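Quick note: the coordinates plus some simple rules give every number you see, no bench work behind them. Everything numeric here is computed off the predicted structure, so don't read it as measured data. In this analysis, Cβ positions are derived from the backbone assuming ideal geometry, glycine residues included, and neighbour counts consider all displayed protein chains.
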Amino acid sequence: MPDEPQTWHYGLVARWWAEFNRPRTDELRFYRSAIDRFGQPALDLCCGTGRLLLPLLEAGLDVDGCDLSPDMLALCRERTPSGLEPHLHQQAMHELDLTRSYRTIYICDSFGLGGSRQQDEEALRRCCRHLEPGGALVFSNGLPYDAASTWRLWLPDQRGQLPAPWPDKGDRRRAANGDEIELRTRLIDVDPLEQRLTMEMRAILWREGKLVLQEERLLIENLYFRNELLSMLAHAGFADVSVTGGYTDAPPKPTDTMLVFIAVKGAGDDSP
């Protein structure tokens, strides 16, 4: 496992995120509610191109952004509405080291991406250190069985078909300047012992119908079940953890495939 997290959020993929990846109403409402509940300032960890950060800033909230990818952060700055000046930091989650402490830290759909499980454990510890007592870390986690096509590959006799072939075509969309960007994704490996997926993305830039640029990058994703994350959060120093089924206030059910963890730092814990 490389020390540098392995993600594909650079170049054309970063541009795709900026052009086409918009916040869902349920996501934005949930994280806004968490900030209202636990307070400001807040930190959008793995903020990307500002999909959630910028609407929250426009709403007048005090929210900083942090991301591993300089390409994503540059596009976030470009997309920032006039009059706003987001405080953005380029750091990996497990290397989080900011001068400010927060009442709320949230991670949307990004925990477990790129690094090792040890780095994920360190990321939780760093989040706890950056929270004020009584503050909360709020993050989503897709469960390993959320896609039947991938879940069946945990069986030894199913993994012989990996790496999967490239699809003949992908998701191709037209950008604001008339360029077209196409993303094709394939699964390279499933490691059930390490609970890790390795995927590859091919990003293609088309201009006036001609292919002008192609980029290929890997993404590593560590997979987590509920109880494992509860144990990790406890070891990271969080005093109280609750779990909801998706972006709701309801407790999780066996049929849920995405959970949200709300981990509160102890009121008497003022460790740096």
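About the Cα centre, and with charges only on the beta carbon of Lys, Arg (+1) and Asp, Glu (-1), how big is the dipole of region 148-221? Nearest 20 debye, please.
Working: 13 positive and 14 negative charges, 51 e Å.
Magnitude of the dipole: close to 240 debye.
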With contacts defined as alpha carbon pairs under 8 Å and 6 or more residues apart, what's the relative contact order of region 14-105 in percent? 34 percent
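Suppose every K and R has +1 on its Cβ and every D and E has -1 on its Cβ; what is the size of the dipole of region 1-133 about the Cα centre, in Debye to the nearest 20? Let's see the in-between values first.
Details: 15 positive and 21 negative charges, 71 e Å.
Once rounded to the nearest 20, the dipole reads 340 debye.
Kindly state, to the nearest 0.05, the FRET efficiency for ASP146 paired with LYS253, given R0 = 22 Å and r defined as their beta-carbon distance. Walk me through the intermediate numbers first.
On the way: r = 14 Å, r/R0 = 0.62.
That pair, ASP146 with LYS253, gives E of 0.95.
Express the Stokes-Einstein translational diffusion coefficient of region 78-124 in µm² s⁻¹, to the nearest whole number, given a Kirkwood radius over alpha-carbon pairs, 20 °C and a viscosity of 1.002 mPa s.
The diffusion coefficient I find is 166 µm²/s.
Can you tell me what share of the DSSP beta bridges in the chain is antiparallel? A percent to the nearest 5 is fine. Mind dumping the intermediate values first?
Details: 42 of 57 bridges.
Of the beta bridges lying entirely in the chain, close to 75 percent run antiparallel.
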Which whole-percent values make up P(r) of region 148-221 when all C-alpha to C-alpha distances are grouped in 10 Å steps starting at zero? 18, 42, 24, 14, 3
In the chain, if the dipole is taken from +1 on Lys/Arg beta carbons and -1 on Asp/Glu beta carbons about the Cα centre, which of PRO165, GLY237, MET93 is farthest to the positive end? PRO165
If packing is taken as the average count of other Cβ atoms within 10 Å, what order do 142-152, 100-110 fall into, highest mean first? 100-110, 142-152
Tell me the relative contact order for region 148-221 as a rounded percent, counting alpha carbon contacts under 8 Å between residues six or more apart. 23 percent
Between the modelled labels at GLU58 and ARG226 (7 Å from Cα along Cα→Cβ) the distance in nm is 3.6 nm
Helix-only mean residue ellipticity at 222 nm for the chain, each DSSP H run of n ≥ 4 adding -39500 (n - 2.57), per residue, nearest 500: -7500 deg cm²/dmol
Given Cβ charges of +1 for Lys and Arg and -1 for Asp and Glu, the option among LEU61, LEU73, ASN21 whose Cα lies farthest towards the positive end of the dipole of the chain is ASN21
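Compute the orientation-averaged projected area for region 222-272 from the convex hull of its Cα atoms and round it to one decimal in nm². Show your work: numbers first, answer last.
Numbers: hull surface 17.6 nm².
The number I arrive at for region 222-272 is 4.4 nm².
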State the three equivalent ellipsoid semi-axes of the chain, derived from the C-alpha gyration tensor as the square roots of 5 times its eigenvalues, in descending order and whole Å. 30, 25, 16
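Charges at C-beta only: +1 for Lys and Arg, -1 for Asp and Glu. How large is the resulting dipole of the chain about its Cα centre, in Debye rounded to 20?
The dipole magnitude comes to about 620 debye.
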